[in-house]
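Just so it is clear, none of the values below were taken in a lab; they were calculated from the coordinates. Note that the coordinates shown come from a computational prediction; the quantities given were computed from them, not determined experimentally. Here the Cβ is made from the backbone with ideal geometry for all residues, glycine too, and neighbour counts use every protein chain on show.
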């Protein structure tokens with residue numbers, strides 16, 4: 001249990017602030033997915049859809065790590081790396097490469113890239129690789145308290161205890177992970193695909209009915225007899241926000 005806790009503890013900058021990651025990819029859907037996964041880690045994330053935007057954003061944002069696609073519509077990944085390193089020589093760079101492009105991987109590492117993952121990739125693997133790069137760059141694991149709080153709902157990530165007001169709520173492991181994801185993204189609409197990816201796994205098969213099922217389980221335990229906190233946004237997904245008397 002301690003090893004799991006250590007691996008999942010959020011990384012922080014030396015000043016105590018959240019880790020900053022720049023994601024550079026011209027596929028908007030993939031960028032959005034990566035942004036969501038990395039924000040779930042408690043990190044601050046910016047995205048750029050081409051190389052020039054990446055260089056501009058990096059100068060303004062000063063990222064602690066960069067996820068960089070090798071193939072971009074304007075500059076290639078190697079040129080972007082060169083420009084990034086001109087102003088931030090130590091920033092770790094994780095390349096995204098084509099499935100079978102050994103040349104890209106060799107070129108990226110030779111040019112000074114720190115690691116790579118090949119498309120399609122597991123989000124868990126990418127996050128793990130980034131955590132490794134950030135640790136080597138001096139980021140440290142630190143807990144700023146283990147509780148997530150939204151309204152009168154409290155979730156303790158260490159003890160796995162959940163309370164709504166003064167009432168303890170018993171959850172299964174999957175229900176707990178679903179609630180944790182919702183509580184880490186309060187007032188943000190999460191699609192079924194995002195929930196599937198985060199709570200189950202990357203290639204679950206798109207069986208969104210399992211999301212509906214577990215949301216219904218959670219509602220019965222969290223919202224029963226109280227102002228509802230879990231809301232359906234038709235055609236978009238689900239959102240958790242503090243309950244109000246009007247519901």
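Using only alpha carbon pairs under 8 Å that are at least six residues apart, calculate the relative contact order of segment 147-240 and give it in whole percent.
Computed over segment 147-240, the figure is 25 percent.
Quick check on the exposure proxy: order 229, 71, 36 from fewest to most C-beta atoms within 10 angstrom.
Final ranking by Cβ density, sparse to dense: 71, 36, 229.
How high is the relative contact order of segment 9-66, in percent, counting Cα pairs under 8 Å that sit 6 or more residues apart?
42
Take peptides 152-162, 43-53, 59-69 and line them up by average Cβ neighbours within 10 Å, highest first, as a rough protection proxy. Spell out each step's value before the answer.
Values: 152-162: 16.5, 43-53: 19.5, 59-69: 21.2.
Going from most to least packed, we get 59-69, 43-53, 152-162.
To make sure I understand, if each residue's beta carbon is the centre and we count other beta carbons within 10 Å, what order do 217, 116 fall in, fewest to most?
217, 116
Rounded if a/c is under 1.5, else prolate if a/b beats b/c, else oblate: with a ≥ b ≥ c from the C-alpha gyration tensor eigenvalues square-rooted, which is segment 8-93?
Since a/c reaches 1.5 but b/c is at least a/b, the shape of segment 8-93 is classed as oblate.
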